[in-house]
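See below for the structure under consideration.
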């Protein structure tokens with residue numbers, strides 16, 4: 001769900017995203033870091049690993065989206081993610097992120113299942129699981145973010161995936177949780 005929102009929903013549409021939420025206490029830590037760097041989305045986007053970026057869907061299609069997510073998440077079980085250090089998508093996009101040292105393969109398989117069927121949209125970039133900590137900022141700030149979090153590490157079990165909607169207040173909120181393995 002990271003990135004500048006270039007998708008604008010039309011009448012009768014809603015902007016959704018599908019992601020693995022980073023659990024507490026790591027979510028609060030990463031969100032605080034993101035805000036400290038001045039990231040414009042730091043206060044509105046929870047810490048997460050994006051599976052489906054911001055996507056406009058018709059409200060009438062939400063039941064089909066929910067059914068699809070239930071099937072896609074039931075097809076795979078829980079797994080462990082280990083976060084370790086930082087990297088960047090520069091020069092392609094001005095993003096610094098925390099790397100997945102473990103769990104990337106499972107995230108990729110999950111993303112492949114989720115990004116099919118009703119959510120089988122064109123990918124702008126190849127999937128690369130990560131947790132964004134700074135974006136759309138000056139290079140000096142991105143360098144600082146990379147240096148400050150270069151030793152960051154955390155690990156957690158991934159047991160669920162969330163469907164998010166963008167609220168009228170500009171905040172992303174989970175509207176439904178899907179357990180891995182059904």
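The values are calculated or read from the model by the stated rules, or taken from the named source; none is laboratory data. A quick note: this is a predicted structure, and the numbers were derived from the prediction, not measured. Cβ placement follows ideal geometry from the backbone for every residue including glycine, while neighbour counts extend to all protein chains displayed.
Annotations for the structure displayed:
- Which listed residue, of 149, 119, 142, 110, is in contact with a helix residue (DSSP H, G or I) (Cβ under 7 Å, 6 or more places away or on another chain), within 25 Å of residue 84 (Cβ to Cβ), crowded, with 19+ Cβ neighbours inside 10 Å and touching a residue at least 24 places away in the same chain (Cβ under 8 Å): 149
- Every condition in (1) in contact with a strand residue (DSSP E or B) (Cβ under 6 Å, 6 or more places away or on another chain); (2) at pLDDT below 95 is met by residue 123 except one, and the failing one is (1).
- The residue list 164, 97 contains one member that is free of Cβ contacts under 8 Å to residues at least 40 places away in the same chain, under 24 Å from residue 16 (Cα atoms) and crowded, with 18+ Cβ neighbours inside 10 Å, which is 97.
- Number of the condition not met by residue 34 [criteria: (1) within 17 Å of residue 129 (Cα to Cα); (2) surrounded by 17 or more Cβ atoms within 10 Å (Cβ to Cβ); (3) at pLDDT 95 or above]: (1)
- One residue stands out among those in the stretch 1-29 that are assigned to a loop (DSSP other than H, G, I, E, B), modelled with pLDDT of 95 or more and under 27 Å from residue 119 (Cβ atoms): the one that is farthest from the chain's Cα centre (by Cα), which is 23.
- The set of residues in the stretch 61-77 being in contact with a helix residue (DSSP H, G or I) (Cβ under 6 Å, 6 or more places away or on another chain), crowded, with 18+ Cβ neighbours inside 10 Å and within 25 Å of residue 10 (Cβ to Cβ) consists of 65, 68.
- Residue in the stretch 100-115 that is assigned to a loop (DSSP other than H, G, I, E, B), more than 22 Å from residue 41 (Cα to Cα) and out of contact with any strand residue (DSSP E or B) (no Cβ under 9 Å at 6 or more places or on another chain) present: no
- The residues of the stretch 30-62 that are more than 22 Å from residue 113 (Cβ to Cβ), assigned to a helix (DSSP H, G or I) and out of contact with any strand residue (DSSP E or B) (no Cβ under 8 Å at 6 or more places or on another chain), listed by number, are 31, 32, 35, 36, 60.
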